[in-house]
Every structure is written in C-alpha cells, then in structure tokens.
Amino acid sequence: MKTIRIIVRNIRDAFKGVFRNFSLSFASISCITITLIVVAISMVLSENVDNFTVIVEKDVTIVAFLDNELTSEQIEEIKDKISIIDNVEKYEFKSKQTITEEMRDSSEVFDNIMKNWDDDENPIQNTYQIKVTDINGIKKVADEIKNIDGVTLVKYGEGMVEQLISAFEFIHKICIGAVIALILVTAFLISNTIKITIGSRQREIGIMRLIGASNLNIRIPFIIEGLLLGILGSIIPIATTIYGYTELYKHFDGHLFSNFIKLITPVPFVYKTSVVLLVVGVLVGMFGSWRAVKKHLKI
C-alpha cells in the first residue's frame, strides 16, 4: 500500500507540475508535437521509399536481345554464360514467338499487325530476361551480358533505375537528419522547461528534503512530468498519422504517379508508426527531464 501511495503521489505531483507551469509546458508539448509530426512524415517517407526500392528490385529486369541467326546450341551457350555471372538471381528465355503472342494479346493494334507474320517475316528477337540479386550492381551485370557473343542489345531502363535509387537514398538520409536534429532540440527545450520549474519550486524541494524525502523521491515527479509532456505531445501526431495517411492512401488509390510506385497499405502500418511515435515522445520527454534533474537539481 505504501508503494502505491508513493506512485500515486508522484503522478499527482507530476500533473501539478505540468499545469502549474502551463505556458512552459505548452511550449514543450508544442515542440514535441512538431517533432513527432516530422518523425511521422519521415517514417512514412522512409518506409514507402524502402517499399519502392523493393518493388524496383523485384520488377526491374535486364532484357538481353539475341541475334536471330543463332542456333539452339548457341542460345544454350549464352544461357550458360549468363548463369555464372555474379549477382544474377534468375533468368528466363523468351522466344520471339512467345513475345509476339504476348504483344498480340496485349493490344488489338499489335494483333492486327502481327497476325499474318510468319517466322521469317517476324523481326522480333529472342531474349533472355534476367533478374539481379542486388539492384545496385545491375549496371555491372548488364555490361557483362552485353559482352557475350550473340547478344545484340541489353536494356534495363539504365539511368532511370540509378536515379530512382539515388533519390530514394537521399530522401532517406534527409529524413533521418531532420528527425535527429529536432529530437535533440526538443530534449533541450524540455530540459530547460524542467530547469525553470525546479528553480520556481526550490522552497518546496527544500521542505521535502527537511522531512526526509530521498533524492529519488524528489526526482521521480519531474521525470514523470517529462513522460506526461511526451504523451500529450504525441496525441496530435498519432491522430494525424492514422487519419492523414489513411486518407492519403485512399486519395491516390494506393499508388503515386503510376501503378509502379505503390504505397504501403495503412493497416497495420499506421498503428505500428503510432506506437513508435508514442515511445519516441515519452523517451524524449523523460530524457529532457532526466537531463535537467541531473544537471540542475542540486540536492
């Protein structure tokens, strides 16, 4: 029972501290809110960038066009050479007949043009379609395939793929830098808020010391106060994340610009993000309070 009374008293004192210095507390809550909104935006961007990268890695294919004069044995030799290239995950041979049928099925225009072609008239080339394990090494793989005898052309969207990956990595780094900077600023602001609070409550602290309160008992309400600031500051960012991202997903029908760039489905992503925001808010609030108590509370 004594432990419960101590816990209840500490929580009560923390609430009093928040509302007694409401203007300072409001400044800390606002800073936490802004920080967590940026954290939420950064997480949404970062996770979707990772998702885009996975899609790029899964969908980008190197297409090696083969000379139509090659024999079956020569085509098999090319397959053997492709199979021993580092970073090749899998490969598939597509004959010009198969490609022609797929093109005819995809468009009435193609069907009308190609339906009367025989093998000699068909200008489409046999191909190998290759997937790589690491997208960052796709150019090296494409260059090696290009040097194989019998391969007339290699295409994989060169230039665009590298630019996409580079842009994704840049966005990811910017997000991380912004989040770290804002978290540090927020922790500093909370620390100063608690420091001023401590200065305004020196008489109260002196009385607590006179009646035998331990250092821990004096410190705990301030740390709980930081925890409360973190919780209060996380409410708006969490609501914004859940509602905002869900509406964003609905508005863009689950993808940006094209079906190629797909967004992560809201559930359970928004709830996982909300938990992270709450934890970050609480930790930032408690760290700011702990720092202030450690450095400025002379007891």
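Filtering Asn116, Asn112, Asn136 for residues that are part of a helix (DSSP H, G or I), more than 30 Å from Leu164 (Cα to Cα) and either at pLDDT below 90 or hydroxyl-bearing (Ser, Thr, Tyr) (or both) leaves a single hit, Asn112.
In region 141-151, which residues are more than 14 Å from Glu89 (Cα to Cα) and either at pLDDT below 85 or not β-branched (Val, Ile, Thr) (or both)? Hits for region 141-151 are Asp143, Glu144, Lys146, Asn147, Asp149, Gly150.
Here is a yes/no grid of residues against (1) at pLDDT below 80; (2) surrounded by 20 or more Cβ atoms within 10 Å (Cβ to Cβ); (3) aliphatic (A, V, I, L, M):
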{"position": "Ala27", "(1), (2), (3)": "yes, no, yes"}
{"position": "Leu36", "(1), (2), (3)": "no, yes, yes"}
{"position": "Asn48", "(1), (2), (3)": "no, no, no"}
{"position": "Val63", "(1), (2), (3)": "no, no, yes"}
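When Gln125 is tested against (1) open to solvent by 90 Å² or more (accessible area, probe 1.4 Å); (2) assigned to a loop (DSSP other than H, G, I, E, B); (3) at pLDDT 85 or above, exactly one condition is not met: (1). Looking across region 243-286, not a single residue is touching a residue at least 24 places away in the same chain (Cβ under 8 Å), open to solvent by 70 Å² or more (accessible area, probe 1.4 Å), part of a helix (DSSP H, G or I) and more than 20 Å from Ser42 (Cβ to Cβ). Inside region 76-114, residues that are open to solvent by less than 30 Å² (accessible area, probe 1.4 Å) and touching a Lys or Arg at 6+ places or on another chain (Cβ under 7 Å) make up a count of 1.
Annotation for region 184-204: at least one member residue is at pLDDT 75 or above, open to solvent by 50 Å² or more (accessible area, probe 1.4 Å), in a helix (DSSP H, G or I) and out of contact with any helix residue (DSSP H, G or I) (no Cβ under 8 Å at 6 or more places or on another chain). Taking Ile235 as the residue in question, decide whether it is over 12 Å from Ala40 (Cβ atoms), out of contact with any Asp or Glu (no Cβ under 9 Å at 6 or more places or on another chain) and at pLDDT 90 or above. Yes. Considering region 50-61, and only residues there that are at pLDDT below 80 and out of contact with any helix residue (DSSP H, G or I) (no Cβ under 9 Å at 6 or more places or on another chain), the residue that is most open to solvent (accessible area, probe 1.4 Å) turns out to be Lys58. Within region 64-108, can you find the residues that are assigned to a loop (DSSP other than H, G, I, E, B) and of a type in the set (S, T, N, Q)? Of everything in region 64-108, those that are assigned to a loop (DSSP other than H, G, I, E, B) and of a type in the set (S, T, N, Q) turn out to be Asn68, Thr71, Asn87, Ser95, Ser107. Taking each residue of region 55-75 that is touching a residue at least 60 places away in the same chain (Cβ under 8 Å) and looking for partners that are outside any helix (DSSP H, G or I) and open to solvent by 60 Å² or more (accessible area, probe 1.4 Å) with beta-carbon atoms closer than 6 Å, six or more apart or interchain, yields Val63/Lys155; Phe65/Thr152; Phe65/Leu153; Asp67/Thr152.
The values are calculated or read from the model by the stated rules, or taken from the named source; none is laboratory data. As the structure is a computational prediction, the values presented were derived from the model and not from experiment. Positions of Cβ are generated from backbone atoms using ideal geometry, with glycine treated the same way; all protein chains shown enter the neighbour counts. Please note that ligands, DNA and RNA were not included when accessible areas were found on the heavy atoms of the full protein model with its side chains. Shrake-Rupley method; radii C 1.70, N 1.55, O 1.52, S 1.80 Å.
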